[in-house]
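Read through the structure below, which is laid out as structure tokens, and then see the notes.
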Amino acid sequence: MNSWLSRLRHVRLGLSSTLAKAIFVIALSAAGLLVASQANAAQPSGTVRSTHGAWSIICDTPAGATSEQCVMMQNVVAEDRPEMGLSVVVLRTADNKAEILRVLAPLGVLLPNGLGLNVDGKDIGRAYFVRCFQDGCYAEVILEKPLLDTLKTGTSATFIVFQTPEEGIGIPVDLKGFADGFAALP
């Protein structure tokens with residue numbers, strides 16, 4: 001299988017699972033995507049630091065963290081299915097040794113089929129979902145140079161989630177500003 005996730009790993013490169021989830025929750029909270037059932041949970045509020053095309057850099061200091069954490073993100077919705085949205089997040093590990101692409105999909109997607117990626121009409125492959133929380137399931141990959149270069153130079157991406165083994169739903173992601181936003185990511 002062609003795989004943009006042939007390097008898929010459970011990422012622990014300097015991020016504890018609690019800190020990784022906190023960063024993810026910050027990004028979702030800033031985007032207003034946390035569900036009402038989490039109203040009693042601590043919801044840190046992020047600050048949009050800058051906007052680069054379709055991408056925003058959002059920063060906050062999560063509870064228990066010693067320094068501010070920033071992510072680059074974009075929220076998108078399928079054109080014909082308003083209930084099918086994704087949050088696409090790029091972040092650096094706390095030790096600054098790697099960058100991660102993390103995509104949150106809503107609950108109810110078919111997990112074994114993973115998350116497909118197509119950039120400018122070219123099939124990049126699939127990533128597997130690694131974890132689910134109350135607000136959805138996410139796939140994550142380390143952004144190694146070939147994938148990073150593809151995203152920096154591309155104009156549009158389509159992430160594909162599946163509701164059945166045969167039914168893929170393409171969700172467009174604008175890559176305008178990706179390279180500039182990535183360069184500005186602290």
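By the count of other C-beta atoms within 10 Å, a proxy for reagent exposure, F182, F133, F159 are ordered fewest to most as F133, F182, F159. Of S156, S67, the sequence from fewest to most neighbouring Cβ atoms within 10 angstrom is S67, S156.
Using a Debye calculation, one point per C-alpha and no hydration shell, please list log10 I(q)/I(0) for segment 70-175 at q = 0.09, 0.11, 0.21 Å⁻¹ in order. Treating every Cα as an identical point scatterer, log10 I(q)/I(0) equals -0.21, -0.31, -1.19. Here, segment 117-158 yields an orientationally averaged convex hull projection of 3.4 nm² when only Cα atoms define the hull.
Across segment 63-143, Cα pairs under 8 Å and at least six residues apart give a relative contact order of 23 percent.
Bear in mind these aren't lab numbers, they're just calculated from the coordinates by the rules spelled out. A quick note: this is a predicted structure, and the numbers were derived from the prediction, not measured. Cβ coordinates were reconstructed from backbone atoms using ideal geometry, including for glycine residues, and neighbour counts include every protein chain displayed.
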